[in-house]
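So the structure is just underneath, and the comments pick up after that.
Any read-out appearing in this document is the output of simple, stated calculations on the displayed coordinates, not a laboratory observation. None of the values given here were measured: they were computed from a predicted structure. Positions of Cβ are generated from backbone atoms using ideal geometry, with glycine treated the same way; all protein chains shown enter the neighbour counts.
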Amino acid sequence: MSEAQQATAGDEIGHLAASARDSLTDDMVTRLSATVADGLDLLDRVNRSGIDGALPAITQLVENGDLERLLGIARLVGAVEDSLSDDIVNRLAAIVTGLAAIVDKLTRNEGFLRLVDLLGREEVQDTLVDILAAASSAKSEAAGLAPARGGFGGMWQLATNADTQEALRFMVLMSKRLKQRD
């Protein structure tokens, strides 16, 4: 660059600096210095907080999409929190208290604990399913039958029916097993 070009460039830079100085008001300088001071304070607090150790974990959360999920959960919790009135909270507390009392009573009962153990067995679960299915089927079938005639003839017909005899035999066996448990 020639000396004339350097002088022109220097003059332009000088004019630019003078224009910038003239356009800055005291209020602008005050706000700019406050912004710089706040930025430096924030940077100092970030450096002292040890956030640099958390940055790899935060980066991984962002890359996996987990951070977005966490924000969604936080928004959901906030919405639930905002929607809960004192009345709803009181009713929920009453329900939870009642449930806790029921659970306490049930867990102190030996019979209930034996029942829970019994219900844990697969053959018991299968039997209960069979009983419920049979009861439902019998209810539907009985609804379609004509009313019983009654009388001695109806009793005789019922007594001579092989299904009735099988049902009575089953009930006798079940009664025997119940008596054995006493």
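In order along segment 93-101, the phi-based Karplus estimate (6.51 cos²θ - 1.76 cosθ + 1.60, θ = phi - 60°) of 3J(HN,Hα) comes to 5, 5, 5, 4, 4, x, 5, 5, 5 Hz; Gly and Pro are listed as x.
Taking 1.567 mPa s as the viscosity and 4 °C as the temperature, the Stokes-Einstein diffusion coefficient of segment 86-142 based on its alpha-carbon Kirkwood radius rounds to 89 µm²/s. Annotation: average projected area of the chain is 31.4 square nanometres, based on the convex hull of Cα atoms across all directions. Between ALA148 and PHE170, the FRET efficiency estimated from the beta carbon spacing at R0 = 30 angstrom works out to 0.90.
Separation of segment 109-163 and segment 1-52 by C-alpha centroid, Å? About 91 Å separates the Cα centre of segment 109-163 from the one of segment 1-52. Here the Karplus relation 6.51 cos²θ - 1.76 cosθ + 1.60, evaluated at θ = phi - 60°, turns the backbone of segment 73-82 into coupling constants of 5, 5, 5, 5, 4, x, 5, 5, 4, 5 Hz, with x for every Gly and Pro. Under 19 Å of direct C-alpha separation, and excluding same-chain neighbours fewer than eight residues apart, LYS105 reaches these aspartates and glutamates: ASP117. The label point for ARG91 and the one for ASP163, both projected 7 Å from the Cα toward the Cβ, are 4.8 nm apart. For segment 29-110, with equal point scatterers placed on the C-alpha atoms only and solvent neglected, what are the log10 I(q)/I(0) values from the Debye formula at q = 0.13, 0.19 1/Å, to two decimals? Each listed q corresponds, in turn, to -0.81, -0.93. Couplings 3J(HN,Hα) of segment 48-56, computed from phi: 6, 6, x, 5, 4, x, 8, 4, x Hz, in residue order, whole Hz [Karplus 6.51 cos²θ - 1.76 cosθ + 1.60, θ = phi - 60°; x for Gly and Pro]. With R₀ fixed at 45 Å, the C-beta to C-beta distance from LEU115 to GLN60 puts the FRET efficiency at about 0.40.
Estimated purely from DSSP H runs of n ≥ 4, each contributing -39500 (n - 2.57), the mean residue ellipticity at 222 nm for the chain is -29500 deg cm²/dmol once divided by its residues. Taking a ≥ b ≥ c as the square roots of the eigenvalues of the alpha carbon gyration tensor, segment 7-49 is oblate, as a/c is not under 1.5 and a/b does not beat b/c.
Placing unit charges on the Cβ atoms of the charged side chains and taking the dipole of segment 86-142 about its Cα centre, the candidate lying farthest along the positive direction among VAL89, ALA135, VAL124 is VAL89.
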